[in-house]
Structure formats: C-alpha cells, structure tokens
Amino acid sequence: AMDTRRLNTVSLALIAGSFAFSAVLFLWLPDQIPSHWTLAGEVDDTMSRAWGAFMMPLVMLGLYGVFRAIPALSPKGYGIDAANSGFVGIRIAALALFALLNVLILISALGVPIAMDSAISISVGGLLTVLGWFLDRLPRNFFVGIRTPWTIVDADNWTRTHRLGKWLFIAAGLAMIVGGIMGTKAYAVIAVAALVAGLVPMIYSYLIYRQGPGKA
C-alpha cells in the first residue's frame, strides 16, 4: 500500500503539474476557451480565458481537500484509512482524469483537432474501469463506494454488493472506451452501461437485505 506521504506527493504533483501546464499555455490561449461540447463534438459553450485555463486545476485542488478531509470526518466504526488501497487508487485516478481533461481542453482551445466527445468518453471510461478495479477494497464508510441504507448497516451486504459493482463498473468503463473509439453512434451503449453500473448494485443490495441475514 502507498503510504500517505507518497500519496499526497503524487496528488500534489498532479495538481501542480496541471497549474504549471495551464500557466505555460496561458499567453497563447484564445480569449474564449471551449467548456462544453454537443454529442456530435461541436463546441456549444465557452468561458473566459482565466477560468478556462485554471478551472480544472482548481477543481483538482478542491477534490484534494475533500479527499484529505474524508478520513477525519468519518464516524467511528465507519472509518476509512487514508492509506486504504481502494481509497488511494480512486483518489489518484480521479485527479489523473481531471489532469488529462485539462490537457485535452487546452490543447483543443489552441486549435489542435481533437474529437472531444470521443476523448471524454474514453477518459471517463478509463476512470470507471479503474474505479471498478479498486471498488471492492473499500471498507464500509459514508463517503466512497456504493452507499445504500442496506450496505451501510450490513458488512456482508457491503462486501457482496461491491464485488458485483466492481465488475459492472469495469464493464461500463470498457463499454465507454469502446463507444468512444467507435464514435457518437455508441452513445446508447454508453448510457445503458452507465445506468446498469449505477442501478444494478443498488437493487442487488436491496435484494440481499430482503433475503435477511444468513440466507445468502
């Protein structure tokens, strides 16, 4: 497991690297930065250069603060250790996604032709796949994971729901990656995959609860 000092170093390096990347490109960026794309990959919203250049690094900084606070805010019996391998993997993957999006958005703003719809689908799919991989390593807690009333009150329910969730998240992530590679026609596949990964574990968690203890 990564110790917390190394984790914080990696996290801060990703954030500092993103701020530095934005700062280096700042003078070359146009007055308006694309901030939203249609399903067809057309820009349909922009923001000012200052916001556009530094929004993602600022989001990363905010996320880092939230991630640092979670172990301290967790109530007794539902604690999540900052060094828990699942929590570590999820934190670094989330920051890495925003660092990647920052690069994609700013390079695209400079006029480099990037199919942003596909790029974002592939990037988010990558994140979902990684999240899935780490999902079943999370202890019962109130902040990260598949938190239903039934997983929170029952350790066995938490474990089994997260084992199922792991493979559904990985499948949804891979579907998004394939969808991104295939282009916009795959949005239905992406939507269904994300819906399945989101809803099925919750339903499964309820069904385990309905079976009652010891009936699994």
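Here are the numbers:
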item	result
The chain: angle of helix 116-135 to the longest principal axis, Cα-based, in degrees nearest 10	30
Rounded to 10°, Cα long-axis angle of helix 155-182 versus longest principal axis of the chain	30
Rg and Dmax [Cα atoms of region 1-83; Å; Rg one decimal, Dmax integer]	17.2, 52
SER108 accessible area, assembled protein chains, probe 1.4 Å, Å²	20
Convex hull projection area averaged over all views, the chain, Cα basis, nm²	12.9
Using alpha-carbon coordinates, inclination of helix 187-211 to the longest axis of the chain, degrees	20
Within a Gaussian network of the chain (alpha carbon springs, distance under 10 Å), most fluctuating of ASP45, ASP117, ASP136	ASP45
Zero-based 10 Å bins, Cα pair distances in region 128-216, whole percents	19, 44, 26, 10, 1
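The values are calculated or read from the model by the stated rules, or taken from the named source; none is laboratory data. No experiment lies behind these values; they were computed from the predicted model shown. The protein model used for the area step is the full one, side chains on, heavy atoms only, and it has no ligands, DNA or RNA in it. Shrake-Rupley method; radii C 1.70, N 1.55, O 1.52, S 1.80 Å.
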